Number of protein chains: 2
Amino acid sequence: MPARKRAALERIPAHHAALLNDHAAFTQSLDAVDAGITANDQFFRAVLKADPAMLAGYLARMRRMGLATAPEPQPADVDKAVSTLKQVARDWSAEGASERAKCYQPMIDALEREFANVEERSSRRVLIPGAGLGRLVWEAARLGFASEGNEFSFHMLLVSNYLLNGITRPEQHTLYPYVHTFSNSLNFTTDQVRPVAVPDVLPSSLPDGSDMSMAAGDFVEVYSSPTYTDAFDSVLTCFFLDTAHNIVEYLEILHRIVRSGGVWINNGPLLFHWEDAADPRELSIEVDWTGLRKLIEVVGFEIEREEWIETTYAANRQSMLQYVYRCVFFVARRKP
Amino acid sequence: MPARKRAALERIPAHHAALLNDHAAFTQSLDAVDAGITANDQFFRAVLKADPAMLAGYLARMRRMGLATAPEPQPADVDKAVSTLKQVARDWSAEGASERAKCYQPMIDALEREFANVEERSSRRVLIPGAGLGRLVWEAARLGFASEGNEFSFHMLLVSNYLLNGITRPEQHTLYPYVHTFSNSLNFTTDQVRPVAVPDVLPSSLPDGSDMSMAAGDFVEVYSSPTYTDAFDSVLTCFFLDTAHNIVEYLEILHRIVRSGGVWINNGPLLFHWEDAADPRELSIEVDWTGLRKLIEVVGFEIEREEWIETTYAANRQSMLQYVYRCVFFVARRKP
């Protein structure tokens with residue numbers, strides 16, 4: 001990326017290039033970006049080295065699915081690596097604290113209020129589908145719950161495995177998650193190439209006897225199994241519902257796996273992931289909140305609380321462009 | 001688009017489809033979307049009929065540029081049509097008033113303050129590069145200035161020509177600019193398929209003797225001509241600077257065309273349009289605000305005011321996802 005920008009500098013009049021270097025720190029910024037990319041690369045190398053068996057298993061599975069045939073990284077691979085870096089900052093850095101306060105904290109608060117008796121929590125099973133890098137799963141485990149995350153993405157699973165099991169001290173890595181975007185920057189040096197230390201806490205520092213697990217796989221495939229009928233006292237869905245191909249299927253599964261009287265806590269927008277899929281064979285059913293609310297009640301939940309929370313998602317909070325989500329936060333109880 | 005969604009309904013279990021239709025108004029929403037698309041189509045047909053000579057000229061030029069060879073509309077064409085509808089709402093509907101208050105009004109206020117003597121305004125030449133659908137050009141003309149817009153996009157030029165010259169009464173058309181997005185909707189009926197009446201004012205209602213013109217073409221090509229040296233008392237750039245391939249070239253031209261002592265008024269983010277161009281031959285030079293600020297002074301302007309304004313751009317303000325720009329608003333004077 002910096003290579004292309006250096007080449008651009010060669011194509012413009014020499015006095016323009018001189019102005020950019022003398023007054024806009026152009027080449028110095030590219031050098032800093034290169035250094036940031038190198039640091040990011042070191043993090044990913046640590047991830048890949050952490051669990052060779054897990055990596056080999058994923059690679060074999062990707063080959064079976066025909067997903068690992070390209071000899072060179074494709075643009076979509078690069079996008080995933082970049083978004084993974086931003087997710088690490090969101091879930092496991094001081095930089096992400098403000099987003100976690102908007103996204104996770106209201107859910108944690110509702111969970112604590114629902115299960116106020118701390119002694120009983122170890123027998124309370126909590127599921128977090130779309131667990132990503134596992135911070136919410138970890139927070140629930142830290143509060144004493146039997147906490148299970150579910151995640152489909154290879155990228156998320158490899159990185160969360162490293163963060164949860166391979167990290168030996170807080171702030172072990174320095175990442176540069178915002179280094180790839182040159183637009184909407186107030187100051188390249190202090191915004192775009194600023195370092196983010198991860199993790200903010202030692203993930204392996206959970207109290208003795210904590211119960212935290214991650215289940216790999218597609219939510220529909222995994223939790224359609226009768227094993228999970230009435231299995232959970234609570235399910236927490238954060239920026240997850242809109243990953244559905246068929247939202248009604250999600251609702252039916254959620255209703256089946258939450259025990260009677262249990263609570264489903266949600267926070268997120270309705271940015272249906274498959275709406276604009278390039279492949280027309282990808283199924284996508286989108287609903288509005290008005291319709292979704294009715295469907296949630298029809299399948300057998302009662303919405304007890306409904307609030308609106310504005311938040312960004314894995315954002316560079318210093319950028320001149322912010323994607324602000326108006327999330328619907330709700331607590332729904334499975335009707336007896 | 002609704003056809004694909006109707007097909008999706010056939011692919012899911014019948015009882016899911018029944019739930020969606022009975023409780024989430026699924027098929028009814030698709031019918032409303034179809035009606036909205038038909039209304040949008042009528043607007044575009046009126047645009048295309050308004051000035052056959054202009055249309056023929058553009059089509060001939062597009063053929064020469066090799067841009068009119070595809071037998072069917074391509075996804076990029078659809079995107080442009082959709083974003084044009086949203087731009088119409090932004091510039092020429094009551095719906096867009098809140099964005100115009102954030103984007104245009106501070107610029108208009110600064111222009112009025114600079115040229116407080118109303119009688120002299122007809123001899124004051126004001127240029128608005130990236131004029132889009134012309135509202136800001138029109139507002140400057142209404143205040144008495146000799147107002148010139150510049151725009152490159154065929155879509156914008158065709159539609160602004162119709163709006164400015166072909167419309168005979170306010171609210172002559174009803175558009176559905178938000179009908180194409182099914183995600184992040186609180187209520188399909190009241191959000192996604194709500195009508196927007198355009199225009200909010202009669203564009204041809206400018207006072208007698210008003211001086212408003214639109215120049216078609218690329219900013220760099222048109223205004224590099226010596227004809228324009230010292231030509232303008234003021235230039236207004238709104239969401240324009242980041243359209244540059246080479247921002248230094250823009251700055252030099254701006255400095256050349258604003259007369260000594262004249263003012264350049266800017267409002268917008270730094271979302272450089274060519275940063276992620278798929279074609280690596282497209283030149284893109286991105287700068288941060290810190291560097292750009294220095295370059296503006298180095299080329300010969302003095303920034304007299306600098307403020308920050310948060311605004312959306314052609315947004316559906318009822319959506320659960322808002323792109324919020326932190327725009328830099330400034331008034332810069334060309335040094336003597």
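Every condition in (1) open to solvent by less than 10 Å² (accessible area, probe 1.4 Å); (2) among the acidic types (Asp, Glu); (3) out of contact with any strand residue (DSSP E or B) (no Cβ under 8 Å at 6 or more places or on another chain) is met by B:ASP242 except one, and the failing one is (3).
Filtered by the rule that a residue be on the phi > 0 side of the Ramachandran plot and crowded, with 23+ Cβ neighbours inside 10 Å, segment B:116-168 gives B:GLY132, B:GLY134. Residues that are closer than 15 Å to B:ALA131 by Cβ and among the charged types (D, E, K, R) within segment B:219-270 are absent altogether. Among the residues of segment A:213-236, is there at least one that is of a type outside the set (Asp, Glu), part of a loop (DSSP other than H, G, I, E, B), closer than 21 Å to A:THR311 by Cα and open to solvent by 20 Å² or more (accessible area, probe 1.4 Å)? No, segment A:213-236 has no match at all. Taking the condition over 25 Å from B:TRP289 (Cα atoms) and within 19 Å of the chain's Cα centre (by Cα), does B:PRO195 pass? Criteria not met by B:PRO195. Evaluated against (1) more than 20 Å from A:LEU254 (Cβ to Cβ); (2) touching a Leu at 6+ places or on another chain (Cβ under 8 Å), A:LEU127 falls short on exactly one condition, (1). Among the residues making up segment B:125-160, those that are in contact (Cβ under 8 Å) with a residue 40 or more places away in the chain and closer than 14 Å to B:GLY209 by Cα are B:TRP138, B:ALA140, B:ALA141, B:ARG142, B:GLY144, B:PHE145, B:ALA146, B:SER147. Taken together, the residues in segment A:99-115 that are open to solvent by 20 Å² or more (accessible area, probe 1.4 Å) and in contact (Cβ under 8 Å) with a residue 40 or more places away in the chain amount to 4. Of the residues making up segment A:279-311, those that are more than 9 Å from chain B (Cβ to nearest Cβ) and in a loop (DSSP other than H, G, I, E, B) are A:ASP279, A:ARG281, A:GLU282, A:GLY300. Considering segment A:188-212, and only residues there that are within 14 Å of chain B (Cβ to nearest Cβ) and surrounded by fewer than 18 Cβ atoms within 10 Å (Cβ to Cβ), the residue that is farthest from A:VAL33 (Cα to Cα) turns out to be A:THR190.
Would you be able to say whether some residue in segment A:213-235 is within 12 Å of chain B (Cβ to nearest Cβ) and touching a Gly at 6+ places or on another chain (Cβ under 8 Å)? No, because not a single residue in segment A:213-235 is within 12 Å of chain B (Cβ to nearest Cβ) and touching a Gly at 6+ places or on another chain (Cβ under 8 Å). Note on segment B:1-27: among residues that are in contact (Cβ under 8 Å) with a residue 40 or more places away in the chain and not basic (Lys, Arg), the one that is farthest from the other protein chains (Cβ to nearest Cβ) is B:MET1.
For every residue, the table says whether it meets (1) acidic (Asp, Glu); (2) touching a strand residue (DSSP E or B) at 6+ places or on another chain (Cβ under 6 Å).
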| site | (1), (2) |
| --- | --- |
| A:ARG169 | no, no |
| A:TYR176 | no, no |
| A:ASP191 | yes, no |
| A:ALA215 | no, yes |
| A:PHE219 | no, yes |
| A:SER225 | no, no |
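List the number of the failed condition for A:GLY96; all other conditions in (1) buried (at least 24 other Cβ atoms within 10 Å of the Cβ); (2) within 22 Å of A:VAL222 (Cβ to Cβ) hold. All conditions pass for A:GLY96, except number (2). Each residue in segment A:255-276 was checked for being open to solvent by less than 30 Å² (accessible area, probe 1.4 Å) and either within 20 Å of the chain's Cα centre (by Cα) or facing another protein chain (nearest Cβ under 7 Å) (or both), and 9 pass. Condition check for B:ARG293 on (1) open to solvent by 30 Å² or more (accessible area, probe 1.4 Å); (2) modelled with pLDDT under 95: one failure, at (2).
The values are calculated or read from the model by the stated rules, or taken from the named source; none is laboratory data. It should be emphasised that the depicted structure is a prediction, and the values quoted were computed from it without experimental measurement. Here Cβ is always computed from backbone atoms with ideal geometry, including for glycine, and neighbour counts include all displayed protein chains. Keep in mind that these areas ignore ligands, DNA and RNA; they rest on the heavy atoms of the full protein, side chains included. Shrake-Rupley method; radii C 1.70, N 1.55, O 1.52, S 1.80 Å.
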